[in-house]
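Below is one structure, written out as structure tokens; comments come after it.
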Amino acid sequence: MSRGYYRYFGPFLKAQERWLNRMADRGLRLAEVGKLRYAFTPCPPGQVRYCVEFVGQKSREEQDRYGCFLEELGYRVFFRSVNLDFYLGKIRLRPWADRGGRWAVSGGSYGREILIVEKENDGAPFQLHTTWADRAAAWGVLRRPWLFLAAFLGIMALAVGSPALGGLALAALIPAVYYQIRLARDRRRAQTEEW
Amino acid sequence: MRDNAKGGALTEVTFFVLLSVVTPRHGYAIMQFVEERTGGRLVLGAGTLYGALSALEEKGWIAPAGEGGGRKRVYRITQAGRQAAERELERLRQVAAAAEEILKEGQA
């Protein structure tokens, strides 16, 4: 019997990750993920751990390959949308994406930007990335869309003379700056230590 | 994967992933092998392992070796990968010898 909870985290992956792990500590294990609804089934408290990663820059093929690889390791994976599946004209341009992920034109290649990974709790911290360089790269992936959004809104604000758009552009810079600080910190560590 | 392409120096993660498939292994076995052989010093995250395997396969240093039990993808080292591992071992030997000599000189 599953229990449903309604949450919207948007692009705040760490908040989503912390919430899922709090639910796991309460004895609830993710069964299904929808646009806003998270369905859980009961489990022993602390049985599982969660990690959340942004994979919107990967192509559909690459997302599937990565998901299959994680499942081969014994993890469970859930893909979900970062933004409630709202799309204009069902075509998305992602200038920040890797090759194969720049144009998303079908339902199979968008709406899967967030990857939730579940593992059995073995007492060890759950980190998908070991080295400082990999962690810095992961922060860079999170930073890119916010930078593009801030730039786009900034240009629009200047073009139409809209302070509201200017305000939104500045707001979009906040997460970009946060991720930049984390990226710079991990890059500095990567200069002298591999992990 | 960040390697010094000019000097050919491999990262420890890359080197151990390469060594782990001298005997064909699947992903989970690679993680266990590396943790065991480093005495728990190096614990590979799944994302890091995936990146390393993708990069090594792209370089032609490892190749798929079919599927193991439970349909897990198995990897094996190629001839080019073996040569790269042997070059890295030689480089590490030279680094260790140089470091030992320098530290001894420092003590004298």
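Close contacts from the stretch A:20-47, counting a first residue that is modelled with pLDDT of 95 or more and a second that is open to solvent by less than 20 Å² (accessible area, probe 1.4 Å) and in a helix (DSSP H, G or I), with Cβ to Cβ under 6 Å and a gap of 6+ residues or different chains, come to none at all.
To keep it simple, each residue is scored yes or no on (1) open to solvent by less than 50 Å² (accessible area, probe 1.4 Å); (2) closer than 23 Å to A:Glu72 by Cα; (3) in contact with a Pro (Cβ under 7 Å, 6 or more places away or on another chain).
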position: B:Leu10; (1), (2), (3): yes, no, no
position: B:Arg37; (1), (2), (3): no, yes, no
position: B:Gly45; (1), (2), (3): yes, yes, no
position: B:Ala52; (1), (2), (3): yes, yes, no
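So, in the stretch A:3-47, exactly how many residues are open to solvent by 60 Å² or more (accessible area, probe 1.4 Å) and either among the β-branched types (Val, Ile, Thr) or touching a Leu at 6+ places or on another chain (Cβ under 8 Å) (or both)? Residues flagged as open to solvent by 60 Å² or more (accessible area, probe 1.4 Å) and either among the β-branched types (Val, Ile, Thr) or touching a Leu at 6+ places or on another chain (Cβ under 8 Å) (or both) within the stretch A:3-47 amount to 7.
Quick check on A:Glu193: is it touching a strand residue (DSSP E or B) at 6+ places or on another chain (Cβ under 9 Å) and over 22 Å from A:Lys58 (Cα atoms)? In short, no. For the stretch A:48-65, the candidate set comprises residues that are touching a Lys or Arg at 6+ places or on another chain (Cβ under 7 Å) and at pLDDT 95 or above; within that set, the residue that is most open to solvent (accessible area, probe 1.4 Å) is A:Arg49.
For the stretch B:18-33, state whether one or more residues are more than 16 Å from A:Phe69 (Cα to Cα), at pLDDT 95 or above, touching a Phe, Trp or Tyr at 6+ places or on another chain (Cβ under 6 Å) and not in a helix (DSSP H, G or I). Looking for residues that are more than 16 Å from A:Phe69 (Cα to Cα), at pLDDT 95 or above, touching a Phe, Trp or Tyr at 6+ places or on another chain (Cβ under 6 Å) and not in a helix (DSSP H, G or I), one finds at least one in the stretch B:18-33, hence yes.
Conditions tested, residue by residue: (1) at pLDDT 90 or above; (2) within 14 Å of chain B (Cβ to nearest Cβ); (3) over 19 Å from the mean Cα position of the chain (by Cα); (4) open to solvent by less than 40 Å² (accessible area, probe 1.4 Å).
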{"position": "A:Pro125", "(1), (2), (3), (4)": "no, yes, no, no"}
{"position": "A:Trp132", "(1), (2), (3), (4)": "yes, yes, no, yes"}
{"position": "A:Arg135", "(1), (2), (3), (4)": "yes, yes, no, no"}
{"position": "A:Gly140", "(1), (2), (3), (4)": "yes, yes, no, yes"}
{"position": "A:Gly154", "(1), (2), (3), (4)": "yes, no, yes, yes"}
{"position": "A:Leu165", "(1), (2), (3), (4)": "yes, no, yes, no"}
{"position": "A:Ala169", "(1), (2), (3), (4)": "yes, no, yes, yes"}
{"position": "A:Leu183", "(1), (2), (3), (4)": "yes, no, no, yes"}
{"position": "A:Trp195", "(1), (2), (3), (4)": "no, yes, yes, no"}
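The values are calculated or read from the model by the stated rules, or taken from the named source; none is laboratory data. The structure presented is a predicted model; accordingly, all values stated were derived computationally and were not measured. Cβ: placed from backbone, ideal geometry, glycine included. Neighbour counts: every protein chain shown. In case anyone asks, the SASA skips ligands and DNA or RNA and just uses the protein heavy atoms, side chains included. Shrake-Rupley method; radii C 1.70, N 1.55, O 1.52, S 1.80 Å.
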